[in-house]
Amino acid sequence: MKDHIEPAEKRFFLELRSRLIHTVRSFFHDQGFLEIQTPLLTTAPAPEPHIEAIAAAQGRFLITSPELYMKRLLAAGYERIFQITPVFRAGERGRYHHPEFSLLEWYRANADYRDLQKDCADLLRTLHRRTAHTAPWRRGDTRLEVDGDWLRYTVREAFLKFAGWEPGPDVDLDRFDVDLVEKVEPHLGFPRPCILEDYPANQAALARLKPGNPSVAERFELYWAGIELANGYSELNDPEEQRTRFEDAIEKRRKAGLLPYPLPHTFLESLEHLPPSAGIALGVDRLVMLASGAGHIDQVVAFPPDPVDPPAVEARSPHG
Amino acid sequence: MGTTLTAGDLRKGLKLEIDGEPYLIVDFEFSKPGKGQALYRCRLKNMITGIQFDRTYRSGEKFWSADLEEQDMQFLYKQGDHYHFMNTSTYEQIELPSEQVGDATNYLIENLVVSMLLFQGRPIGINLPNFVELKVVQSDPGLKGDTASGATKPATLETGFVIQVPLFIEEGEVLKIDTRTGSYVERVKA
């Protein structure tokens with residue numbers, strides 16, 4: 001981690017961040033998207049097995065994602081919406097992880113995940129073009145490119161090619177996660193972004209299964225230079241199916257000794273009215289890292305997180 | 001036994017006990033693919049053998065910090081192939097075979113205080129002071145007239161260690177040696 005950043009370097013990162021965010025907003029406004037804000041405090045975070053909410057007072061949590069609120073707006077008839085919002089996840093810390101980070105989320109009614117893939121291409125090409133005069137767009141030795149065709153793999157194709165095996169619909173998630181990180185991800189997105197799509201059905205808590213092939217979900221991840229930049233999918237809009245998946249996730253959390261979040265009842269009721277839709281979350285901080293060449297997420301935010309719960313000082317003998 | 005740790009505590013520089021041996025995390029990366037679980041990718045170095053390997057851990061796994069302690073020890077004497085030290089706090093004496101003392105044998109003179117790394121009370125490494133002073137016991141006179149700057153000759157120190165020294169160094173003189181590089185620094189005025 002870089003603790004002492006030169007003021008001039010910090011200013012470069014923050015100015016580029018500002019320019020990228022400004023361009024993102026123009027991009028969506030120009031296409032008739034409505035920019036909205038949804039609550040940061042919630043009583044029922046989306047029940048996912050591996051995302052930990054930070055508890056606030058009075059039975060509330062800081063949001064881990066604005067997804068449930070965004071979809072309630074879709075259900076209420078808003079057809080093109082986006083927002084840039086801070087989200088909060090406990091225990092996520094590393095070169096690409098900050099426990100408080102910024103997500104760009106956008107949703108389209110009457111669309112599916114392939115429409116979002118096209119949005120990604122349009123957005124990244126616009127951002128690249130508008131900042132190419134000042135931003136390096138590099139990752140290590142790789143000069144990042146946006147023009148030309150982007151590679152697209154199904155999860156099955158990518159695992160066969162890079163890990164040598166084929167994950168089925170009930171894949172062992174331990175093996176899947178480790179091989180994804182160690183064998184697959186390092187190959188994705190050089191020098192152009194790459195799409196990994198059609199995830200095993202057991203890895204898409206809120207996505208629609210593929211019509212005609214229910215062993216996979218219509219979910220994709222956008223990778224660039226080995227970095228996971230965005231996660232999008234065709235939305236599940238069947239309230240009963242969604243309730244069952246949430247209950248499974250809550251049960252998994254209970255078994256793992258994690259806090260079993262309450263069912264988000266209002267959201268489930270709103271799904272009755274959700275049109276066929278698609279939505280996506282893109283990591284703004286990682287986008288700034290790719291544009292600026294920053295090696296650590298702390299470089300592209302104004303301040304790193306305050307240290308909490310510092311590691312215990314190791315006991316030493318009084319003479320040591 | 002050290003304290004119990006969880007995967008969330010893992011970070012670069014942390015020392016763990018695995019299968020009864022101490023390991024240092026020399027490289028660390030936190031990963032969390034998509035909606036998947038957190039993965040803690042470590043490059044581990046065995047602190048006794050120096051062997052490195054990569055291992056990925058998941059949340060929920062438990063770890064033990066390595067029970068390591070640094071202790072100042074004074075070198076007393078060498079007997080046969082063994083080096084005898086005294087703990088400067090407890091005055092307890094220990095002996096180490098020369099292979100465990102390693103390259104430090106080049107610099108150990110009586111009464112030198114070193115910092116010894118102990119794992120579960122057993123010595124596993126010696127940190128020398130950066131500089132030690134050692135007497136030259138044998139060195140041929142420099143050739144007269146050879147004044148080329150940087151010219152050196154071998155000199156045998158009182159520990160038996162042979163280093164390169166400038167031509168003007170004579171037998172009986174005391175030299176300051178950098179233990180990190182094993183090189184001559186300067187002549188110490190008697």
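The values are calculated or read from the model by the stated rules, or taken from the named source; none is laboratory data. Quick caveat: nothing in here was measured; it's all calculated off a predicted structure. Glycine gets a Cβ as well: all are built from the backbone with ideal geometry, and neighbour counts include every protein chain shown. Calculation scope for accessible area: heavy atoms of the full protein, side chains included, ligands and nucleic acids excluded. Shrake-Rupley method; radii C 1.70, N 1.55, O 1.52, S 1.80 Å.
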Would you pick out the residues in the stretch A:213-253 that are open to solvent by 20 Å² or more (accessible area, probe 1.4 Å), within 14 Å of chain B (Cβ to nearest Cβ) and in a helix (DSSP H, G or I)? A:245, A:248, A:252
Verdict on residue B:153 being in contact with a strand residue (DSSP E or B) (Cβ under 8 Å, 6 or more places away or on another chain), charged (D, E, K, R) and modelled with pLDDT of 95 or more: no
Please work out which one of (1) among the aliphatic types (A, V, I, L, M); (2) surrounded by fewer than 20 Cβ atoms within 10 Å (Cβ to Cβ); (3) within 14 Å of chain B (Cβ to nearest Cβ); (4) assigned to a strand (DSSP E or B) is the condition residue A:84 fails and give its number. (3)
Within the stretch A:119-131, the residues that are open to solvent by 50 Å² or more (accessible area, probe 1.4 Å) and within 15 Å of residue A:192 (Cβ to Cβ) are A:122, A:125, A:129
What do you reckon, is residue A:35 within 14 Å of another protein chain (Cβ to nearest Cβ) and either under 20 Å from residue A:101 (Cα atoms) or in contact with a Cys (Cβ under 9 Å, 6 or more places away or on another chain) (or both)? no
Hey, among the residues in the stretch B:29-67 that are among the hydrophobic types (A, V, I, L, M, F, W, C) and within 8 Å of chain A (Cβ to nearest Cβ), which one's farthest from residue B:17 (Cα to Cα)? B:38
List every residue pair whose Cβ atoms sit under 6 Å apart, with the two residues 6 or more apart in sequence or on different chains, where the first one lies in the stretch B:56-69 and is among the acidic types (Asp, Glu) and the second, anywhere, is part of a strand (DSSP E or B). B:69/B:118
Matching option when the condition is surrounded by fewer than 22 Cβ atoms within 10 Å (Cβ to Cβ) and either touching a residue at least 12 places away in the same chain (Cβ under 8 Å) or not aliphatic (A, V, I, L, M) (or both), among A:39, A:66, A:45: A:39
What helices (runs of 4 or more DSSP H) lie completely within the stretch A:103-185 and have 1 or more residues being without any contact (Cβ under 8 Å) to a residue 60 or more places away in the chain and more than 14 Å from chain B (Cβ to nearest Cβ)? A:113-131, A:155-162
Any residue in the stretch B:89-98 that is within 19 Å of the chain's Cα centre (by Cα), in a helix (DSSP H, G or I) and hydroxyl-bearing (Ser, Thr, Tyr)? yes
Determine, yes or no, whether residue B:13 is in a loop (DSSP other than H, G, I, E, B), more than 7 Å from chain A (Cβ to nearest Cβ) and open to solvent by less than 70 Å² (accessible area, probe 1.4 Å). yes
